[in-house]
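These notes concern the structure reproduced below.
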Amino acid sequence: GENVEQHPSTLSVQEGDSAVIKCTYSDSASNYFPWYKQELGKRPQLIIDIRSNVGEKKDQRIAVTLNKTAKHFSLHITETQPEDSAVYFCAAMYSGGGADGLTFGKGTHLIIQP
Amino acid sequence: KAGVTQTPRYLIKTRGQQVTLSCSPISGHRSVSWYQQTPGQGLQFLFEYFSETQRNKGNFPGRFSGRQFSNSRSEMNVSTLELGDSALYLCASSLAEYTDTQYFGPGTRLTVL
């Protein structure tokens, strides 16, 4: 089955700086890669996703890049703000028949220092 | 549109008991997936339902089961509870079969004593 590794487990950045979280996956059949943000005591919220036919996707301060050959994808947050503090999870899955659900990384605790 | 809802939000049970959790997907969504979240194992896929049929099942023992009704609402059941079943149980809804975008509910926090 799929295996997703996520790094780092904790990331502390100064407010206004950029943050980068990296994930690798093992199953070359995976074609959908979402990122979720989970604040303490709340549900995971989808913040951005990318499919394997695209190399990069951007939504305001958030961007995701995908390298299918190396089987890794990354989340980039620019101009970080205090409200960006949360745990971020990457995930991978194959969509389109026989999907086994999302396989998640272990999460990155992002801390924005004022 | 209302989001995914789950009931109850909190539950305390003792070992050996069974529990049923409920999930109502976003209106119009027909697929429901269930996940277990623990500090040690993170988020793990339990199973997925579409059109009242279980499509996929994760690597969990047979004590974990579920079902889906004709209105797309889903329930999951855990029998013979163990201490290790203490977790946040999340359901996620998506529009159709094999649709990848999933939206999570608030979860049910289960504590087994």
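Every number in this text was worked out from the coordinates using simple rules, so none of it is lab data. Only a predicted model underlies this, so the values are computations on that prediction, with no experimental measurement involved. Counting neighbours? That spans all protein chains shown, and the Cβs are built from the backbone with ideal geometry, glycine included.
Data table
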| quantity | calculated |
| --- | --- |
| Test item: Cα-centred dipole of the protein assembly as shown, Lys/Arg +1 and Asp/Glu -1 on Cβ, debye | 520 debye |
| Qualifying GluC sites (Glu not before Pro) for the range A:32-114 [loop in DSSP, other Cβ within 10 Å: at most 16] | A:39, A:79 |
| Label-point separation in nm, residue B:67 to residue A:51, each point 7 Å along Cα→Cβ | 3.5 nm |
| DSSP beta bridges in the protein assembly as shown [antiparallel fraction, %, rounded to 5] | 90 percent |
| Distance in nm between pseudo-label sites at residue B:80 and residue B:7 (7 Å out along the Cβ direction from Cα) | 3.0 nm |
| Stokes-Einstein diffusion coefficient of chain A, Kirkwood radius over Cα pairs, 25 °C, 0.890 mPa s, in µm²/s | 173 µm²/s |
| Whole-number D in µm² s⁻¹ for chain B, Kirkwood Cα-pair radius fed into Stokes-Einstein, 25 °C, 0.890 mPa s | 177 µm²/s |
| Set of lysines near residue A:58 by C-alpha distance (under 19 Å), chain-local residues within fewer than 8 positions excluded | A:22, A:37, A:68 |
| Label-to-label distance, nm, for residues given as residue B:51 and residue A:70 (7 Å Cα→Cβ offset) | 4.1 nm |
| Those aspartates and glutamates that a straight Cα-Cα span of less than 12 Å connects to residue A:71, excepting residues fewer than 8 apart in one chain | A:2, A:5, A:27 |
| Cleavage-rule hits (GluC sites (Glu not before Pro)) in the range B:45-76: DSSP loop, at most 15 neighbouring Cβ within 10 angstrom | B:52 |
| Candidate aspartates and glutamates for bridging to residue A:57, where Cα separation is under 14 Å - those fewer than 8 sequence places away on the same chain excluded | A:49 |
| Residue-averaged beta-carbon neighbours from other chains (10 angstrom radius) around A:100-110 | 5 |
